[in-house]
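First the structure, in the form of structure tokens, and then the observations on it.
Where a number appears in this text, it was derived from the coordinates with a stated rule and is not lab data. Since the model is a prediction, treat every value here as computed from it, not as a measurement. Glycine also receives a Cβ, built like all others from the backbone with ideal geometry; neighbour counts cover every protein chain displayed.
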Amino acid sequence: MTRKTVRIAMNGVTGRMGYRQHLVRSILALREQGGLDLGDGTVLWPEPVLVGRREHALRELADRHGLDQANVSTDVDAVLADDSIDIFFDAAMTSTREDLLKKAIAAGKHIYTEKPSATSLDGALELARLANAAGIKHGVVQDKIFLPGLLKLKRLIDGGFFGRILSVRGEFGYWVFEGDWQEAQRPSWNYRAEDGGGIVVDMFPHWEYVLHELFGRVKSVTALAATHIPQRWDEQSKPYDATADDAAYGIFELESGAIAQINSSWAVRVNRDELVEFQVDGTEGSAVAGLRNCRAQHRSATPKPVWNPDIPVTESFREQWQEVPDNGEFDNGFKVQWELFLRHVALDEPYHWDLLAGARGVQLAELGLKSSAEGRRYDVPELTL
């Protein structure tokens with residue numbers, strides 16, 4: 001086997017998502033398995049170059065995982081000028097992403113980035129155009145569709161289990177502590193609009209690709225965004241005004257005619273099996289899918305409840321659903337998409353989760369915020385470059 005090294009500048013790996021999912025569970029996991037077998041006698045060996053603002057934190061990460069200290073930098077421009085760097089990855093603050101990606105494209109680097117790819121639709125489309133003109137490979141993280149629960153759900157869809165799909169109902173979220181008497185689980189910038197925060201900007205791009213990939217293109221959006229917790233405490237335990245939305249309630253009309261309703265909130269206490277769940281109802285059956293599990297109920301096994309508030313419920317509705325089996329091994333969703341992108345870079349294999357796909361997510365978030373501000377429904381035009 002021939003080993004081929006691909007050097008990846010990873011910006012934002014000191015953050016929770018960049019570190020745990022992208023560095024540890026994706027790139028380092030690939031190294032632990034001996035690299036990525038390309039199937040042609042070549043193994044692709046990912047070499048991460050840690051980039052960020054806090055040198056001491058980057059060096060601590062490199063030391064913790066046995067990485068070369070020479071592959072640590074706080075100088076993004078110098079990293080992008082390095083001809084040995086093949087890919088630039090960004091998982092840092094949303095507000096800085098667009099400019100960084102433009103620099104990376106101008107430097108001729110392949111691009112892989114967390115979503116949203118930009119803070120506006122115009123910016124997201126410009127990135128896609130610039131990347132295409134530069135002839136580079138580009139991708140946007142769309143991890144949810146690679147999760148076990150949604151892969152099982154897709155198996156049901158592809159097998160015709162639902163018949164005609166009528167509706168999708170999604171519940172996402174958990175209580176993010178305010179930071180006064182318990183430390184918050186998310187960085188404070190997420191709750192400041194001026195820093196690119198907000199749950200619509202964060203989660204609507206996810207819902208766009210989940211709906212698009214599984215059920216079809218989003219045709220219209222009606223949304224209501226809210227800031228339920230107006231004051232929070234930052235990493236230095238100082239109070240600040242939460243200027244970004246921390247909850248959003250969306251209705252999405254799909255091109256197929258199905259209706260999706262998705263609630264997203266960082267101010268909700270969890271009373272469900274997983275932090276996100278989608279219920280899909282169709283003429284022939286229904287299913288409830290989370291991150292890992294999926295339960296289904298076929299038309300032939302659907303009970304016949306009768307509304308009678310005068311007597312106690314005599315049946316357990318949850319027990320009437322059947323678990324959808326794994327029927328295979330499921331790897332980490334972030335790692336799976338990294339593997340597909342690396343194969344795209346190395347072998348030019350087809351890959352459609354690109355910057356244009358990322359722009360659709362930005363578009364839906366932008367229209368969702370506009371819908372909330374103006375109290376009206378908005379059509380979602382199909383994007384082209």
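Under a GNM of the chain (C-alpha, springs under 10 Å), which listed residue has the highest mean-square fluctuation: Glu277, Glu55, Glu47?
Answer for the Gaussian network model of the chain: Glu55.
No solvent, one uniform scatterer per C-alpha: report log10 I(q)/I(0) for region 53-159 via the Debye equation at q = 0.18, 0.22, 0.24 1/Å, two decimals.
-0.96, -1.15, -1.24
Is there a quick way to get the dipole size of region 88-232? I mean about its Cα centre, with the Cβ of Lys and Arg at +1 and of Asp and Glu at -1; what is the value in debye to the nearest 20?
Details: 18 positive and 17 negative charges, 142 e Å.
Using only the charged Cβ atoms, the result is roughly 680 debye.
Before anything else, pin down the relative contact order of the chain: Cα pairs under 8 Å, at least 6 apart, normalised by residue count, whole percent.
Details: 772 pairs, mean separation 77.3, N = 385.
Once normalised by length, the contact order is 20 percent.
Label points 7 Å out from Cα along the Cβ direction at Ala133 and Glu374: separation in nm?
It works out to 2.9 nm between the two label points.
How much of the DSSP bridge set in the chain is antiparallel, in percent, rounded to the nearest 5?
Numbers: 41 of 71 bridges.
Among the beta bridges of the chain, antiparallel pairing accounts for roughly 60 percent.
Please find, in a Gaussian network model of the chain (springs between Cα atoms separated by less than 10 Å), the residue of Leu50, Leu147, Leu61 whose mean-square fluctuation is greatest.
Result: Leu61 has the largest fluctuation of those listed.
Only Cα pairs within less than 10 Å get springs; with that Gaussian network setup on the chain, which residue of Gln363, Gln185, Gln279 has the largest fluctuation?
The residue with the greatest mean-square fluctuation here is Gln185.
Determine the distance separating the Cα centre of region 85-134 from the Cα centre of region 196-233; give it in Å without decimals.
21 Å
Please give every one of the lysines within straight-line cross-link reach of Lys137, meaning a C-alpha to C-alpha distance under 23 Å, and leave out same-chain neighbours fewer than 8 residues apart.
Lys4, Lys102, Lys103, Lys109, Lys115, Lys335
Could you work out how far apart the two model spin labels at Ala193 and Asp83 are, taking each label as a point 7 Å from the Cα in the direction of the beta carbon, and quote it in nm?
With each label point 7 Å from Cα toward Cβ, the separation is 4.8 nm.
So between Glu255 and Asp75, what do we pick up on full extension, going 0.36 nm a residue minus the alpha carbon distance? Intermediate results must be reported in sequence, preceding the final value.
Details: separation 180, 0.36 × 180 = 64.80 nm, distance 4.55 nm.
Result for the pair: 60.3 nm of gain on full extension.
Please give me, ordered by residue number, the trypsin sites (Lys or Arg not before Pro) of region 253-302 that lie in loop per DSSP and have at most 10 other Cβ atoms within 10 Å. Numbers along the way, then the final one.
Numbers: sites: Arg269, Arg272, Arg292, Arg295, Arg299; in loops: Arg269, Arg272, Arg292.
Sparse-neighbourhood loop trypsin sites (Lys or Arg not before Pro): Arg269.
Given +1 on the Cβ of Lys and Arg, -1 on the Cβ of Asp and Glu, and no further charges, what dipole in debye does region 1-112 carry about its Cα centre, rounded to the nearest 20?
Around 340 debye, computed over region 1-112.
How many percent of Cα pairs in the chain exceed 33 Å?
On the way: 25902 of 73920 pairs.
I get 35 percent for the Cα pairs in the chain exceeding 33 Å.
Sort all Cα-Cα distances of region 71-220 into consecutive 5 angstrom bins from zero, then give the percent of pairs in each bin up to the one containing the longest distance.
Pairs per bin, as whole percents: 2, 7, 14, 16, 16, 14, 13, 10, 5, 2, 1.
Rounded to the nearest 500, what is the chain's calculated 222 nm mean residue ellipticity when only DSSP H runs of at least 4 contribute -39500 (n - 2.57) each, over all residues? Walk me through the numbers on the way to the answer.
Details: 9 runs with 108 residues, N = 385.
About -8500 deg cm²/dmol.
Just want the answer: with Cβ charges of +1 for Lys and Arg and -1 for Asp and Glu, which residue in Ile105, Ser286, Met17 is farthest toward the dipole's positive end in the chain?
Ser286
Choose one of Phe161, Val72, Thr96: the residue whose Cα lies farthest towards the positive end of the charge dipole of the chain (beta-carbon charges +1 Lys, Arg; -1 Asp, Glu; about the Cα centre).
Positive-end residue among those listed: Phe161.
Of Gly198, Val141, Pro312, which is farthest on the positive side of the dipole of the chain, counting Cα position, with +1 on Lys and Arg Cβ, -1 on Asp and Glu Cβ, and the Cα centre as origin?
Of the listed residues, the answer is Pro312.
For Met93 and Thr243, what does the FRET efficiency come to when R0 = 25 Å and r is the distance between their Cβ atoms, rounded to the nearest 0.05?
Working: r = 15 Å, r/R0 = 0.61.
Calculated value: 0.95.
If contacts are Cα pairs under 8 angstrom and at least 6 residues apart, what is the relative contact order of region 186-311 in percent? Could you put the intermediate results ahead of the total?
Details: 191 pairs, mean separation 23.7, N = 126.
Value for region 186-311: 19 percent.
Compute, for the chain, the length of the dipole vector about the Cα centre, with Cβ point charges of +1 (Lys, Arg) and -1 (Asp, Glu) only. Units Debye, rounded to 20.
440 debye
Between Asp310 and Glu382, what FRET efficiency comes out of the Förster formula 1/(1 + (r/R0)^6) with R0 = 51 Å and r the beta carbon distance, rounded to 0.05?
Given R0 = 51 Å and the Cβ-Cβ separation, E is 0.50.
Run the numbers for Ser167 and Thr2: contour at 0.36 nm per residue of separation, minus the present Cα-Cα distance, in nm. Don't jump to the answer; show the numbers that get you there.
Numbers: separation 165, 0.36 × 165 = 59.40 nm, distance 4.96 nm.
This chain segment gains 54.4 nm when fully extended.
Write down the Kirkwood hydrodynamic radius of region 209-329, to one decimal in angstroms, obtained as one divided by the mean of 1/r over all alpha carbon pairs. Intermediate values should be presented prior to the final figure.
Numbers: mean 1/r = 0.0558 Å⁻¹.
After inverting the mean inverse Cα-Cα distance, the result is 17.9 Å.
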